[in-house]
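Every number in this text was worked out from the coordinates using simple rules, so none of it is lab data. Given the structure is predicted, the values throughout are model-derived calculations rather than measurements. Virtual Cβ from ideal backbone geometry, glycine too; neighbours counted across all protein chains shown.
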Amino acid sequence: MYDSDENNTLKTHENKKKNFYRIQKRNSYNVYLIIILIIISFLQFIIIIYLLFFNTDNNNINSEEEINEIDINTKDNINNKKESEITEKKEEIINEGKLEYKREENTNNKKKGIHIAMALDNSAIYSTLISMTSALENNDKEKNILIYHLLLSNDFDMKKISYFESLKKDYEFIFNYIKIPPIFKYITKKWKRTETVQYKLLIPLLYPDISRMIFLDGDTLILKDISEMYDLNFNGNYVLGYPFHTADSLDGWEKEHFKVYVNGGVLLFNINELRKTNMDLKLLLYNFENFQKTHFLEQDTLNYVYKDKIGFLPFKYGVYLFGTIEEYKKIYLPKMRVDINLTELEKAIEDPSIVHLICCNPKVWFKRTRHEKGFSHICTRFQQVFYFYANKTQYYNEIYNAYMN
């Protein structure tokens, strides 16, 4: 009996001993866990301090060195900004930026000035030159004078300005330019796209004295007089653009906010209205604050911010190289958020005023251009048109050798 009691006592003692070690071990784990959590919290604190005060890469869009003294605050919440604050920031961007530019006014009162903006870096010199040549060649020279405003990248080779100046030997037009500081460098670094695609967002800010402005991508050909497009009625809209089909593929965005969706390659800006409502600056600030959730950068931004004030250009101003009218009907029209006049569209495809050279990859000026949907004869057709206008410049041989050999 005593032996049994003694055995029970020993077992109890052993159990208590095991429980003691188990609790001690668990407490040790808890101590280690607390130490690890403290270390993680400390590291997080260090990272936050670094990002706020020392990380120049994440702050480079606000860096005075990076943007040449143009300060654009990317942290402003435009939904809560007072009108006075927006106006003050707008004046700061317009007046305090030290920009390299050339500005010439229209002194010919007998001719109407048609303002056209284009954005380019060193890689788009040839295509921009040919686009300008096509517009000048088809301009109604008796009534209009084209006034070009080139938005140049910060690293643009200014010796190449002579390419555009050379057109004055054959055409009467006004040629201006402005060099844009690298204010979009941080955004384009994330997206690995050229900064120039976003320059169109600056147009209402840079030209507050102009009532309206056409914007054209460098991969456009102007085949008719452009003054009719310039004189279109805005009907209260901020901008007119060519209907595009990509809005329905923007998975990360709330699609209901895109009531309409236009392509950013051919636009007509209502600068007067944008200036009155301060929507010129709101567009730019929204782009800085929300670029990470966009799919097509500035094009999404423009469609999102101006969603209630976007109108459509007639189809003849910006025809894409999608293919035949059947191709439009089958693939693209069902995705466009606009009622389509098929007769107007078919006429525009057959006899366009402006052609946007997308859907050929590589572009039509390259020897081995190919159509994305197999309609390579379309790319070949407009390759011939491209070199027709290239031949009207003094750089034809240089351009041909660069792309076709």
Next on the checklist: Taking the number of other C-beta atoms within 10 Å as the exposure measure, put THR343, THR369, THR380 in order starting with the fewest.
Outcome noted: THR343, THR380, THR369
Item to check | Ranked by how many other beta carbons lie within 10 Å on average, peptides 169-177, 270-278 from highest | outcome: 270-278, 169-177
Checklist entry - Which cross-chain or sequence-distant (5 or more) residues have an amide H under 5 Å from the amide H of GLY113, H modelled 1.01 Å from N in plane? => result ILE145
Checklist outcome for this item: Given Cβ charges of +1 for Lys and Arg and -1 for Asp and Glu, the option among THR194, PHE164, LEU221 whose Cα lies farthest towards the positive end of the dipole of segment 101-404 is THR194
Item to check | Unit charges on C-beta of K, R, D, E only; dipole of segment 123-202, Debye | outcome: 560 debye
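Please arrange MET279, MET158 by counting, for each residue, the other beta carbons lying within 10 Å of its beta carbon, fewest first.
Numbers: MET279 20, MET158 10.
Least crowded to most crowded, the residues run MET158, MET279.
Between ASN397 and MET158, take the C-beta separation as r, use R0 = 22 Å, and let me know the FRET efficiency to the nearest 0.05.
Values: r = 23 Å, r/R0 = 1.05.
Using R0 = 22 Å, I get an efficiency of 0.40.
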Checklist outcome for this item: From the Cα centre of segment 140-170 to that of segment 199-247, the distance in Å is 18 Å
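Taking the convex hull of the alpha carbon atoms in segment 289-405, what volume per residue do you get, in Å³? Before the final figure, lay out each step's value.
Details: hull volume 18.3 nm³, N = 117.
Looking at segment 289-405, the number lands at 156 Å³ per residue.
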Next on the checklist: On a 18 Å Cα-Cα criterion, which of the cross-link pairs LYS141/LYS224; LYS102/LYS392; LYS168/LYS392; LYS111/LYS141; LYS102/LYS159 come out too long?
Outcome noted: LYS102/LYS392
Next on the checklist: Considering the Cα positions of segment 117-159, please state its Rg to one decimal place and its Dmax as a whole number of Å.
Outcome noted: 12.0, 37
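What does the extension gain come out to for ASN272 and SER123, with contour length at 0.36 nm per residue minus their alpha carbon separation?
Stretched fully, the ASN272-SER123 segment lengthens by 50.4 nm.
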Checklist entry - If you take the beta carbon distance between GLU100 and ASN138 as r and set R0 to 35 Å, what does 1/(1 + (r/R0)^6) give as a FRET efficiency, to the nearest 0.05? => result 0.70
Checklist entry - Once you wrap a convex hull around the alpha carbon atoms of segment 101-404, what is its projected area averaged over all directions, in nm²? => result 15.3 nm²
Checklist entry - About its Cα centre, how strong a charge dipole does segment 101-404 have in debye, to the nearest 20, once Lys and Arg get +1 and Asp and Glu get -1 at the Cβ? => result 480 debye
Checklist outcome for this item: With R₀ set to 41 angstrom, the calculated FRET efficiency between the beta-carbons of SER211 and GLU372, to the nearest 0.05, is 0.60
Checklist entry - Which whole-number percentage describes the relative contact order of segment 135-183, with Cα contacts under 8 Å and a sequence gap of 6 or more? => result 53 percent
